[in-house]
Amino acid sequence: PVAQAVVSAAGKPCEVLYAGRAPGFIGLDQINCRLAPDLQANNSTAMVVRSGTRTSNTVTLPVR
């Protein structure tokens, strides 16, 4: 990636641990991030990724 990935879950910033090519998958990128410790498990959480001037669609994922 050219621009730094910024990830948020439930409106709170996540620590991005890795953003780059997914090993073994040509043309696929992955982002590994650590969620804020105060997010509650078993709740659906809205996640958004920003990179440069681009913003992803909002995706709702369960927190376990």
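The values are calculated or read from the model by the stated rules, or taken from the named source; none is laboratory data. Source: prediction; values computed, not measured. We place every Cβ from the backbone using ideal geometry, glycine too, and count neighbours over all the protein chains shown. Side chains are part of the model used for accessible areas, which takes the heavy atoms of the whole protein and leaves out ligands, DNA and RNA. Shrake-Rupley method; radii C 1.70, N 1.55, O 1.52, S 1.80 Å.
For the chain, the solvent-accessible area works out to 77 Å² per residue, with a probe of 1.4 Å and every protein chain left in place.
For the chain, carbon and sulfur atoms together expose 54% of the accessible surface, with a 1.4 angstrom probe and every protein chain in place.
Computed about its Cα centre, the charge dipole of the chain is approximately 60 debye, with only Lys, Arg, Asp and Glu carrying charge at their Cβ. Over the chain, the Kirkwood radius and the radius of gyration, each from Cα atoms, give a ratio Rg/Rh of 0.98. 3J(HN,Hα) along the stretch 17-34: 8, 7, 9, x, 5, 7, x, x, 10, 5, x, 10, 9, 9, 10, 9, 9, 9 Hz, from the Karplus curve 6.51 cos²θ - 1.76 cosθ + 1.60 with θ = phi - 60°, whole Hz, x for Gly and Pro. In the assembled protein chains, THR53 presents an accessible area of approximately 140 Å² (probe radius 1.4 Å).
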